[in-house]
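What follows is a short report on a single structure.
The values are calculated or read from the model by the stated rules, or taken from the named source; none is laboratory data. Everything numeric here is computed off the predicted structure, so don't read it as measured data. Note that we place each Cβ from the backbone using ideal geometry, even for glycine, and neighbour counts take in every protein chain shown.
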Amino acid sequence: MTLARRIIPCLDVDGGRVVKGVEFEGLRDMGDPAALAARYNREGADELAVLDISASSQGRGTFLGTIRAVAEQLNIPLTAGGGIRTMEEGRAVLLAGADKVTVNTAAVERPELISELSRQFGAQAVVLSLDARRKGASWEAYVRGGRQPTGRDAAAWAAEAVSRGAGEILLTSIDRDGTRSGFDCELTAAIAATVPVPVIASGGASTFEDFFAVFTRGQADAALAASIFHQETHSIAALKEFLAARGIPVRLSR
């Protein structure tokens, strides 16, 4: 059985507001998180991601109030993260209404965090958020909201994270983020070939063809986008109809 490919809007939150920039810089206000969550819930999103993009760089905890407000609007799975450093903080995010937690900076600094979360909550609830930038013929993992290089090869780090218990990879191309130049299919395919868990592609979505490309050439299991949905450039329903007509398995609203 072929699993349906997922379409996931993403709410990048800073100071209680949804924001969007280009290559993680030049942030613009895009609206209220709960209001956008309610809209995507109605429009047929498969899941929703809400990420506190400044928590790690500012050294503070995740925004539990925003997670609660968003979760109240949803009857689809919610992935949430940003600044999660301990198992207790992961538990707080899940208790606030998230179905999955994402970790990035703290997991690079202490990879055992992934194992602790996975043992406690199950691999299906643990997502490695992997921000990658091209470096020669490969890609390097970045942390602190895409601001700091780690020196780690992105594919090697993804493989280690899965071996430690991550059940999914949220893969963002820093080079493509906010540029609307299309997903980095080469990067996505490289990570998908490395790990046995689902890979969510993020960064660069603009056209319906971009999504088709990342599901075929990029071998992604899900595709995440922000600004094209926030600004209503494309509707989720129309995107899914386009993909279904081209043989991509998706869940259609009835």
Which listed residue is in contact (Cβ under 8 Å) with a residue 60 or more places away in the chain, surrounded by fewer than 18 Cβ atoms within 10 Å (Cβ to Cβ) and on the phi < 0 side of the Ramachandran plot, from Thr86, Thr179, Thr102: Thr179
Selection within the range 239-254 - in contact (Cβ under 8 Å) with a residue 24 or more places away in the chain and within 14 Å of Phe208 (Cβ to Cβ): Leu239, Lys240, Phe242, Leu243, Arg246, Ile248, Val250
Filtered residues of the range 139-176 (kept if part of a strand (DSSP E or B), in contact (Cβ under 8 Å) with a residue 40 or more places away in the chain and small (Gly, Ala, Ser)): Ser173
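Assess whether Thr194 counts as being at pLDDT 95 or above and within 14 Å of the chain's Cα centre (by Cα). Outline the logic, then answer.
Details: at pLDDT 95 or above: yes; within 14 Å of the chain's Cα centre (by Cα): no.
Here the answer is no, as Thr194 does not meet what is asked.
Kindly establish whether Glu88 is farther than 24 Å from Leu36 by Cα and either among the charged types (D, E, K, R) or modelled with pLDDT of 95 or more (or both). Give the derivation first.
Working: farther than 24 Å from Leu36 by Cα: yes; either among the charged types (D, E, K, R) or modelled with pLDDT of 95 or more (or both): yes.
Yes: the conditions hold for Glu88.
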